[in-house]
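Shown next, in structure tokens, is the structure this report addresses.
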Amino acid sequence: MVDQRIENINVSAEQAIITPSKLKELYPLTAKCIDTVFKGQNAIKNILNGQDKRLLAIVGPCSIHDVESAKEYACNLKQLADELKDDLFIVMRVYFEKPRTTVGWKGLINDPYLDNSCEIEEGLKQARELLIHIAELGLPAAGEALDIVTPQFIQDLFSWTAIGARTTESQSHRNMSSGLSSVVGFKNGTDGNIDITINAMQAVASPQNFVSINPEGKVAVIRTLGNPNTHLILRGGKKPNYDRKSIQDIEKKLRELNIAPRIMVDCSHANSYKQAKKQEIALSDLADQIRNGNGSIMGFMIESNLEFGKQNIPADKSKLKYGVSVTDECLDWESTEKILKEFSLSLNK
């Protein structure tokens, strides 16, 4: 007999996982969690709309690969957030999904054991448990919405959301973002393209209809009201784009389109040539621009971890260095604390 299959030819297996509603029953929101996320969302919206004059600081590891070190980092960051709260509203960067140009580790949700076993249900459980822990500390969390289904499992614990450079142009991610409750930041393209980001912001502000899943895991048509709380994130392209001239050009373009210029600068990625220590250079430049009257810069992003640098994932997981990134190079905690305190002080000179 000739095999005449025309469907699922390249599918090796299908594995059902826990539904969003069941996961939330296992890891329910406490009153403290709700308070943290609610106040975080509102504070960020007020910063975006100019009612809160503080700067939004998204600070944390490039990616989460170890829950225990992430909890230690969160404790450190909460103390610093309280100390600098008059000038900065600090939100922890808690990224569970990583985009890949070709292949590589795709993040804690996709592969929590870092061994290509891809136990996604376990990854979702670890992610939700960590987010609840961070919210219980009173520290808001920021994430990147990469997969368009996983937000149903954990989005209720994020106060701010990013759409990455590779997905800003994606219609699916724009549809999803139109229904998110948090402020959403859209990164410019990897080549520095700003137009796709502006298009995304305009699309997301409008109601959208799309197919996804509901909390019970059933396929459903999602109808949104549109999300007006969006902003642009400059992450560099073929060259850095955090300098005064680049920001002035973007401000001009936004005003011509009647879009309020509210700009966040990602001090990492192409703005630092992926060299963690150069994030301080970008941050210092932003401080100069703000002191000289720039009113459109509403926040920044710093990639940092407990320890400096990055490491490859070894076959023997016992050889992983504690608190060291397994994706992009990160600043160590001491350097992070130093540059954020100096930045805060410089705003008051």
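Worth pointing out:
- Calculated P(r) tail over 21 Å for region 182-330, as whole % of Cα pairs: 55
- Surface/4 of the Cα convex hull for region 1-74, nm²: 10.3
- Apportionment of accessible area to carbon and sulfur, the chain, percent (1.4 Å): 49
- Once the chain from GLU136 to ILE9 is taken as fully extended at 0.36 nm per residue, the excess over their C-alpha distance is 41.1 nm.
- Leading residue at positive end of dipole, the chain (Cβ point charges), from ALA135, GLY179, THR327: GLY179
- Dipole of the chain, positive end: most advanced residue of ALA70, MET92, HIS269 [Cβ charges, Cα centre]: HIS269
- Accessible surface, per residue, of the chain when the full set of protein chains is kept, probe 1.4 Å, Å²: 47
- The alpha-carbon atoms of region 49-173, seen along their principal axes, cover 44, 34, 23 angstrom, with the largest extent given first.
- Cβ charges +1 (Lys, Arg) and -1 (Asp, Glu), total dipole of the chain, debye: 960
- Estimated dipole of region 46-144 in Debye, rounded to 20 [Cβ of Lys and Arg +1, of Asp and Glu -1, Cα centre]: 360
- Using every pair of distinct Cα positions in region 156-249, the Kirkwood expression returns a hydrodynamic radius of 13.9 angstrom.
- In the chain, helices alone account for a calculated mean residue ellipticity at 222 nm of -10500 deg cm²/dmol, with every DSSP H run of four or more residues adding -39,500 (n - 2.57).
- Contour minus Cα-Cα distance for ASP86 and THR101 (0.36 nm per residue): 1.4 nm
- Against the chain, whose longest principal axis is taken from its Cα atoms, helix 279-291 shows a tilt of about 50°.
- Ranking of HIS231, HIS133 by solvent-accessible surface, largest first: HIS133, HIS231 (1.4 Å probe, protein heavy atoms only, all chains present).
- Computed from point charges on the beta carbon alone (+1 for Lys and Arg, -1 for Asp and Glu), the dipole magnitude for region 143-285 about its Cα centre is near 300 Debye.
- Considering only ALA260, LEU306, ALA287, and ranking their Cα positions along the charge dipole of region 252-315 that arises from unit charges at the beta-carbon of Lys, Arg, Asp and Glu, the one farthest toward the positive end is ALA260.
- Eligible lysines near LYS274 by straight Cα distance, threshold 23 Å, same-chain separation 8 or greater: LYS98, LYS106, LYS187, LYS238, LYS239, LYS245, LYS310, LYS321, LYS338, LYS341
- Backbone N within region 195-239 under 18 Å of label point (7 Å from GLN275 Cα along the Cβ vector): 236-239
- In terms of accessible area, using a 1.4 Å probe and ignoring ligands and nucleic acids, TYR242, TYR322, TYR73 rank largest first as TYR322, TYR242, TYR73.
The values are calculated or read from the model by the stated rules, or taken from the named source; none is laboratory data. Because the structure is a prediction, the values reported are computed rather than measured. So basically every Cβ, Gly included, is an ideal-geometry build from the backbone, and we count neighbours across all protein chains shown. Side chains are part of the model used for accessible areas, which takes the heavy atoms of the whole protein and leaves out ligands, DNA and RNA. Shrake-Rupley method; radii C 1.70, N 1.55, O 1.52, S 1.80 Å.
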